[in-house]
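*Asks:* Provided herewith is a single structure, encoded as C-alpha cells, for subsequent inquiry.
The values are calculated or read from the model by the stated rules, or taken from the named source; none is laboratory data. Small disclaimer: the values here were computed from a predicted structure and weren't measured. Cβ placement follows ideal geometry from the backbone for every residue including glycine, while neighbour counts extend to all protein chains displayed.
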Amino acid sequence: MEEVDVEPSTTLIPSAGFHRKHLGFEWGPGDLLVYETNYKLQGPRSAGSPFVHIVRRDEDICSPILRKLFNESHLIFVGLQKIKEDIPSKNKKSQFVSISKNYRSVIRACMEELQQNVSILLAIELIWNLCEVLFIDTAPAGSLLLHLLDWVRLHKSDVDARAREVLQSDSPAQHQSYWDVVRNTKKKLKSHHMTPLTLELVTFIKHCHYTYCRTQTLTEFEVKWRHWHEECDRCLQENTFASNRHLETICKILVGDEDTLLEQKELLSTWYHFLVTRLLFTHPTIKPPDLHYYAQSSMNMFLGPRASPEPLDIILLSAFEFDLHQVIKDCSIALNNWWFVAHLTDLLDHCKLLQSHNLHFGSNLREFLVLEYASGLFTHHSLWQLAVDYFDHCPEFGRVYLELQIERVPLDTERKAIKVLRICEDRQMSEQVRSICKIMAKRALRNNRLGSALSWSIRAKDAAFATLISERFLQDYSNKGSFTDLDLLDNLGPAMLLSDRLTFLGKYREFHRLYGEKRFSEAARLLLSLMTAKIAPRSLWMTLLTDALPLLEQKEVKTDNSCFTVTQLPHCFSSVFQDEDIESTKTELLRLALARNLTMAIVKEGTIET
C-alpha cells in the first residue's frame, strides 16, 4: 500500500510514524486503522511504510461478564427511548434519575462478578454517578453536598469494613485503626467503645452539628451551621481537647483546617474525597457554579505541584467544571470501549443537555457515539442482534449503518439466516431480503436440498431461480418416479404463480394427489388443462400422455362428459409425435386408448337416453 496524500482537514497524529511522518487514522468496527501519510513532509523523502496498522481492538466485547453488561443495558436503553415527550418535566426527571441508577446497578452487578479489569468498571461507575448528581439529578445548593457525600461514601467502602474490624475487636479503643474510624465516621462507635474525652467531643458534635434538610431554608441552615462552626473554633482556641492530640486533630478537621485535612491523605486516599470533606467543613452550602474552583484547588493541593493528573482525575475535573463535551471526549479516549459514552450521552440527550454540543461532530453527538457502539456489537457472533435496536434509534444514519452491517453477518445456519431475514422484513429492507434469500437458496441447492432451496427462492420472489429449482424437482421426479418435499409442494398456494414452471410443478403435484385420492374426473380435467396450457416442459409431454392412459380406462371418466377430452387429447398426441421419437409400444397403447375412448364418446353422444 502506498503512502496517502491527505487534505489539511484530515485528523492526523503529528510525527508519530516509523519514519517521523504524520499518521492518519480511521475508526473501524472495533478497530483503529493507522497509516502513514505524505502530509507536511520535511527533509528527504523516506521509503515509507507499506502497511495499514491495527493499533486498537476492542477485546472487552469477548468477555462473558461484559456481555452481560451489554445485554442488560440494552434493555434499559430501549426502555429509555420509549419515554414520551409529553410527560411533565418533574415526572420525566424522576424517570431519568431512575434509569441512570439502573445503569449504575448493572455496572455494580458486573463488578461483583468480574475480578479482572474491575478498576475500569469502578471508574466508569464513579464518573457516571458524578454525572448523575451534577447533570441529571441537578441538586441545588445545600442538597448538592449531601449528594456528593453519598457519591464519595458509595465509592469509599473500606471505611465501613474498617469500622466493623474495630468494633469486633476485644478492645476497640486500643485498636490501631480506632482513631482512623473516629475521624472518618463517629456514628459507627457506641459510647462504651469511647474514652471519656472522646465521648465528650462526640456528644458536643451530636448536640451542635447541623446538616441541611429540605424542611428548612438555606438561610436558616447557614445561620445554625455558622454558630456550630464558631463553637468548634472556640473549643480549639480554648485548648479544650489539647490533652489528646487525636481529639485536637478531629477538632481542627471540624473547623476545616486545610493543613490538618491534608495530613489525612492516607485516610482520604483521593483528591475528590478531600474535596467533599473540605466542602463539608468549610462550605456546606456550595452552589454548582462554584464547584469548579474548589475542585481545581483541591486537586492541586492534594496531588502537589509535581504530580501529573491521571485520565480519571481530568475527567472528574471536567465534570466539576460542568463541561459535558469534555467529559464525553476524554472518556472516549480513556476508556477501552464505546459502551459508557454511548449510553451516558443518550441519557443526557434525553435530558436535553446536549443541544449546544451537537455541532462538534457535524451531526448529532449522541447518534455518532451510539452508531460507533452498535457497529462494535455487530462484530460479535451473539451481540449483533442487540445492535439492531441501537441503529433503529439513530434517525439520521441508523438505517444506512444497519443496511451495511447486516450484509456482513455470516449466515452460518438456516436458523441464523431466518433471524436476519426477519429483522430485514420488519424494517422493509427489500434488497437485503432478496440477497439473503438468494444466498440461502443457492447454498441449499448446492447441498441438493430442493425443498429448502425452493422455499428461499419463493421468499426472495426470484422467478428465474424458482424456475431453475422447479426444473430440478421435475428432473428428480423423472428419475425417481415420485416427488420429495410433499408438504411444501402441497401448500404452495399463490406462490406457485411466481413462474410458469413453478405453476406447472404445483399443479402437476396436485394432479398426482387427486389421482391418489381416486378423484379421477378432477384429475383428468386438471391433467388436460396442463397439457393444453402449454406450460409443461417438452421433456414431460410424453409423461403427461402416459399419465392419461389409466384415466382413459376409468369408468368415472368415461361416464363423465368426455367429448371435450377426446377431442383435445388427439391434438396433444399429434403435437408430441411431431417433435419426439416415441417408443412404438407406448405409441400403440396411446392410439388404442384414444380410439376406444373416442368410440365410447360417440356412442354416448348419439344415444338418446330415456
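*Asks:* Please specify each residue of region 250-270 satisfying the condition of being in contact with an Asp or Glu (Cβ under 7 Å, 6 or more places away or on another chain) and in a helix (DSSP H, G or I).
*Replies:* L267
*Asks:* Then there is this: Restricting to region 421-467, name every residue that is aliphatic (A, V, I, L, M) and surrounded by fewer than 17 Cβ atoms within 10 Å (Cβ to Cβ).
*Replies:* I439, A463, A464 - these are the residues of region 421-467 that are aliphatic (A, V, I, L, M) and surrounded by fewer than 17 Cβ atoms within 10 Å (Cβ to Cβ).
A quick yes/no check of all residues on (1) among the hydroxyl-bearing types (S, T, Y); (2) in a helix (DSSP H, G or I):
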| site | (1), (2) |
| --- | --- |
| Y272 | yes, yes |
| P284 | no, no |
| L291 | no, yes |
| R306 | no, no |
| D313 | no, yes |
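*Asks:* Surrounded by fewer than 20 Cβ atoms within 10 Å (Cβ to Cβ), in contact (Cβ under 8 Å) with a residue 40 or more places away in the chain and not charged (D, E, K, R): does that describe P284?
*Replies:* no
*Asks:* From the list D500, D476, D547, which residue is over 30 Å from K416 (Cβ atoms), acidic (D, E) and in contact with a Ser or Thr (Cβ under 8 Å, 6 or more places away or on another chain)?
*Replies:* Just one listed residue meets the conditions, D500.
*Asks:* Ok, one more. With the structure loaded, tell me whether R57 is at pLDDT 85 or above and farther than 17 Å from T345 by Cα or whether it fails that test.
*Replies:* no
*Asks:* Which members of region 530-541 meet the condition of being out of contact with any Phe, Trp or Tyr (no Cβ under 6 Å at 6 or more places or on another chain), free of Cβ contacts under 8 Å to residues at least 40 places away in the same chain and within 19 Å of Y477 (Cβ to Cβ)?
*Replies:* Answer for region 530-541, where residues must be out of contact with any Phe, Trp or Tyr (no Cβ under 6 Å at 6 or more places or on another chain), free of Cβ contacts under 8 Å to residues at least 40 places away in the same chain and within 19 Å of Y477 (Cβ to Cβ): L530, A533, W541.
*Asks:* Would you say A161 is of a type in the set (G, A, S), over 26 Å from Y390 (Cα atoms), at pLDDT below 80 and surrounded by 15 or more Cβ atoms within 10 Å (Cβ to Cβ)?
*Replies:* no
*Asks:* Next question, about the same structure. Of all residues in region 399-410, how many are crowded, with 17+ Cβ neighbours inside 10 Å and at pLDDT 90 or above?
*Replies:* The total comes to 4.
*Asks:* So which helices (runs of 4 or more DSSP H) are wholly in region 422-513 and hold at least 1 residues that are over 40 Å from the mean Cα position of the chain (by Cα)?
*Replies:* By residue number, 463-480, 486-490.
*Asks:* Does at least one position in region 28-35 carry a residue that is at pLDDT below 70, touching a helix residue (DSSP H, G or I) at 6+ places or on another chain (Cβ under 6 Å) and of a type in the set (G, A, S)?
*Replies:* Checked region 28-35: at least one residue is at pLDDT below 70, touching a helix residue (DSSP H, G or I) at 6+ places or on another chain (Cβ under 6 Å) and of a type in the set (G, A, S).
*Asks:* Right, something else. Against the definition (over 38 Å from the mean Cα position of the chain (by Cα) and not in a loop (DSSP other than H, G, I, E, B)), how does L545 come out, yes or no?
*Replies:* So L545 fits the description; yes.
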